[in-house]
Amino acid sequence: MASLRCFLRSGKKAVTAVLRREFHGTPPAAVQVTVRDALNQAMDEELERDERVFLLGEEVAQYDGAYKVSRGLWKKYGDKRIIDTPITEMGFAGIAVGAAMAGLRPICEFMTFNFSMQAIDQVINSAAKTYYMSAGLQSVPIVFRGPNGASAGVAAQHSQCFAAWYGHCPGLKVVSPWSAEDARGLLKSAIRDDNPVVFLENELMYGVPFEMSEEVQSKDFLIPIGKAKIERQGTHITLVSHSRMVSLCLDAAAVLAKEGIECEVINMRTIRPLDAEAIETSIMKTNHLVTVEGGWPQFGIGAEILARIMEGPAFNYLDSPAVRVTGVDIPMPYAKILEDNSVPQIKDIIFSIKKTLNV
Amino acid sequence: LFFILFIVVVSARTYADFTPQASFDIKKCDVHKLEEGPPLQAVLTREEGLQYYRTMQTIRRMELKADQLYKQKIIRGFCHLYDGQEACAVGIEAGINLSDHLITAYRAHGYTLTRGGTVREIMAELTGRRGGIAKGKGGSMHMYTKHFYGGNGIVGAQVPLGAGVALACKYLGKNELCVCLYGDGAANQGQIFETYNMASLWKLPCIFICENNKYGMGTSVERAAASTDYYKRGDFIPGLRVDGMDVLCVREATKLAAEHCRSGKGPILMELQTYRYHGHSMSDPGISYRTRDEIQEVRSKSDPISMLKDRMLSNNMASVEELKEIDVEVRKEIEDAAQFATTDPEPPLDDLCNHIFYNDPPMEVRGTNPWTKLKSIS
């Protein structure tokens, strides 16, 4: 009878729940959700919740999104709320910022963040700085979102990571989700935030499924911007990462656990404001730090984290110098063997951990 | 005896003697993809005339005072003055409502005034004091009021922003429009053409206005643009070329443009032919790329304030004394504002890190060194 009630309540979710009951007998209706679907659901719910929210970008409407992240939204909400733009980033990003200034809450999609460079003036000079320049008269509640960083085989002009570039600028919040739960909770927070938020997704993560608890599925589930999450507890070393590299850190940790090395894996979730406290607390426990990122090393995310640790209370707890694992300092090549060796691999993380631990 | 008679005649005149309104011929506007331009005659009432005169004079004197303060090094950094172009700001405002929206570039002091700012807070912003319209944190190029989005420093960036404001107007269905200004220098920017395209595709209620003052910094229009017919550069967007030195011409053109937008026909473009007496900014004397004669000629033949004054006087719409009275009042207002702007204290250091985010809890901001932690509140 319980399963019948479930079935009447909601379609697919309930079927999964029923199946689970039969096989596992566990009550909570957790589901497997891909990052793509999590983003889609988050946008759908926020569009429904607030009439002022709308989405614009290339192919977001009738094509269902270049990466299908906005699938079904145009059909549901129509031309007014889901707007296909011409291929004119500077123009439509500026239009999005102007709309935010005048009272709407736009989600501006860049097909990839590489194209955001064409519009970066609007993101920085028109969006990020305006609240300050106007001394609080003019706010800009906008979200810039899209895939960031390396993909697969898309070569140099389509593979850059912009976390460090946007993370550099005051007036912006910069967020980099890893899991489906991150994607959902952070996108909702970003849309509800009254400030410009740069939301860095990852194309290679879109199709990855994650378990999502019932609590996370609720319509008001929000993840606060500016708070990191410990994905795996450990005692020997702290690994700090964001986006796809969190997966590699967890994989490296699993391998090392067999050798008796327990890694604490921190998922940054937010680039700016950076949760230095979470990292410091962890280092005070493990005494070692390795940061892992997909972007280039110079002036990057790892560089900032290391500088902060040097300047803060955790420095005295380090037993060896903190190091960074990063993408190779070159434009991204095309050939698979070259591309594979341009970004951190699990073996690179393991190598750096062992060097740091001197084992 | 003759003297006494004269006094009697003068004092016998009352305001009831003045012409309440008159009709004036205005220059025909060249049109592009428009059936017809604005009417060739404009009606001006006495009240309107006095108000336009006062506002234009206020802008004029305010800008000249800013020139003075800049030379005394009390204003620093960038200062782009609007004297000569007053008819544009005043004429545009006369053709729209305060509930409409407006955005411009950095030559923005005049618009800050017409959009509701006071001379006091504008001048105090120029001198970087806490009583400034942006609490001293924005400066000359970053002044904001209700429905006025600045004051923008990046040439051309304000144009997509303005179209975005227009999109919001259409989205929210309030029958408002956005006036989106740029100069002849900005008119060649790619993002402006991107904006023309989207505004036209989506029929945004946007009046694009090119203030053509013949020079983009030190570069004359002939040296910058393959086509100097700025009113045609919108291509598929209807356009009109307007005498920007005549406040009535600007007003009538703006009314036509506003009507076009509000009827849902989409964007429209106006080129205002105008002139700036000052150089590009206070760092530019403005005579290396144009002759003093040219400047003098415009001043003597086309000054917007003189034009309005002559019209009103020759039609008995006001008296010389009355206008002089307004001049005196304006001068006093400017003096008081300058006094305030030079004596008001600078913003407190506590304010340094405020206004980073809106509606956020207080946060910490790194100072110049790791031991300095500053406080930021919304």
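The values are calculated or read from the model by the stated rules, or taken from the named source; none is laboratory data. Keep in mind the model is a prediction, meaning the values are calculated, not measured. Here the Cβ is made from the backbone with ideal geometry for all residues, glycine too, and neighbour counts use every protein chain on show. Side chains are part of the model used for accessible areas, which takes the heavy atoms of the whole protein and leaves out ligands, DNA and RNA. Shrake-Rupley method; radii C 1.70, N 1.55, O 1.52, S 1.80 Å.
Some notes on this structure:
- Total residues in the stretch A:256-279 satisfying the condition of being away from chain B (no Cβ under 14 Å) and farther than 16 Å from A:A314 by Cα: the figure is 13.
- Looking only at the stretch A:103-137, residues that are open to solvent by 20 Å² or more (accessible area, probe 1.4 Å) and within 9 Å of chain B (Cβ to nearest Cβ) come to 8 in all.
- Every pair of residues 6+ apart whose Cβ atoms lie under 8 Å, when the first sits in the stretch B:187-211 and is of a type in the set (G, A, S) while the second is part of a helix (DSSP H, G or I): B:A187/B:Y230; B:G190/A:M90; B:A199/B:A163; B:A199/B:A166
- In the stretch A:55-64, the residue that is nearest to the other protein chains (Cβ to nearest Cβ) out of those that are farther than 14 Å from A:Q41 by Cα and either among the small types (G, A, S) or outside any loop (DSSP other than H, G, I, E, B) (or both) is A:L56.
- Residue check: B:G234 meets all listed conditions (1) within 20 Å of B:I92 (Cα to Cα); (2) outside any loop (DSSP other than H, G, I, E, B); (3) not aromatic (F, W, Y) but one, namely (2).
- Only residues that are open to solvent by 30 Å² or more (accessible area, probe 1.4 Å), farther than 30 Å from A:K129 by Cβ and not aromatic (F, W, Y) were counted in the stretch A:192-216, giving 8.
- Residue in the stretch B:176-189 that is open to solvent by 20 Å² or more (accessible area, probe 1.4 Å) and within 30 Å of B:L50 (Cα to Cα) present: yes
- Top-ranked residue in the stretch B:72-96 [being without any contact (Cβ under 8 Å) to a residue 40 or more places away in the chain and of a type outside the set (D, E, K, R); ranked as farthest from B:H260 (Cα to Cα)]: B:Q72
- The residues of the stretch B:241-257 that are outside any helix (DSSP H, G or I) and surrounded by fewer than 24 Cβ atoms within 10 Å (Cβ to Cβ) amount to a single one, B:D243.
- Contact annotation: residue pairs with Cβ atoms under 6 Å, 6 or more positions apart or on different chains, pairing a residue in the stretch B:244-258 that is under 13 Å from B:I209 (Cβ atoms) with a partner that is buried (at least 24 other Cβ atoms within 10 Å of the Cβ) and hydroxyl-bearing (S, T, Y), are B:G244/B:T274.
- If you filter the stretch B:329-373 down to residues that are within 12 Å of chain A (Cβ to nearest Cβ) and hydrophobic (A, V, I, L, M, F, W, C), you find that the one that is nearest to B:S140 (Cα to Cα) is B:L352.
- Candidates in the stretch A:272-288 are the residues that are open to solvent by less than 10 Å² (accessible area, probe 1.4 Å) and hydrophobic (A, V, I, L, M, F, W, C); of these, the one that is nearest to A:L357 (Cα to Cα) is A:I283.
- Taken together, B:P362, B:P345 contain a single residue that is in contact with a strand residue (DSSP E or B) (Cβ under 7 Å, 6 or more places away or on another chain), open to solvent by 30 Å² or more (accessible area, probe 1.4 Å) and not polar (S, T, N, Q), which is B:P362.
- Residues of the stretch B:282-291 include none that is within 25 Å of B:G95 (Cα to Cα), open to solvent by 50 Å² or more (accessible area, probe 1.4 Å), polar (S, T, N, Q) and touching a residue at least 24 places away in the same chain (Cβ under 8 Å).
- Residue match in the stretch A:153-163 (condition: open to solvent by less than 10 Å² (accessible area, probe 1.4 Å) and either over 17 Å from the mean Cα position of the chain (by Cα) or closer than 30 Å to B:C169 by Cβ (or both)): no
- Residue in the stretch A:37-49 that is within 14 Å of another protein chain (Cβ to nearest Cβ) and either among the β-branched types (V, I, T) or touching a strand residue (DSSP E or B) at 6+ places or on another chain (Cβ under 6 Å) (or both) present: yes
- Note on the stretch B:55-114: residues that are among the charged types (D, E, K, R) and open to solvent by less than 30 Å² (accessible area, probe 1.4 Å) total 8.
- For the stretch B:324-363, the set of residues classified as aliphatic (A, V, I, L, M), closer than 14 Å to B:R129 by Cα and assigned to a helix (DSSP H, G or I) consists of B:A337, B:A338, B:A341, B:L349, listed by residue number.
- Which listed residue, of A:G185, A:G167, A:G153, is modelled with pLDDT of 95 or more, within 14 Å of another protein chain (Cβ to nearest Cβ) and out of contact with any Pro (no Cβ under 6 Å at 6 or more places or on another chain): A:G167
- When the stretch B:154-175 is limited to residues that are more than 7 Å from chain A (Cβ to nearest Cβ) and open to solvent by 30 Å² or more (accessible area, probe 1.4 Å), the one that is farthest from the chain's Cα centre (by Cα) turns out to be B:G173.
- Only one of the numbered conditions (1) of a type outside the set (D, E); (2) under 20 Å from A:V292 (Cβ atoms); (3) open to solvent by 10 Å² or more (accessible area, probe 1.4 Å) is not met by A:L186, and that is (3).
- Among the residues of the stretch A:329-356, those that are closer than 14 Å to A:V290 by Cα and either assigned to a helix (DSSP H, G or I) or of a type in the set (A, V, I, L, M, F, W, C) (or both) comprise A:I346, A:K347, A:D348, A:I349, A:I350, A:F351, A:S352, A:I353, A:K354, A:K355, A:T356.
- Residue match in the stretch B:44-52 (condition: assigned to a helix (DSSP H, G or I), more than 14 Å from chain A (Cβ to nearest Cβ), of a type in the set (S, T, N, Q) and closer than 30 Å to B:E252 by Cβ): yes
- Selection of the stretch A:74-101 for residues being open to solvent by less than 10 Å² (accessible area, probe 1.4 Å) and either closer than 20 Å to A:Y132 by Cβ or at the interface with another protein chain (Cβ under 7 Å from one of its Cβ atoms) (or both) yields A:G91, A:F92, A:A93, A:G94, A:I95, A:A96, A:V97, A:G98, A:A99, A:A100.
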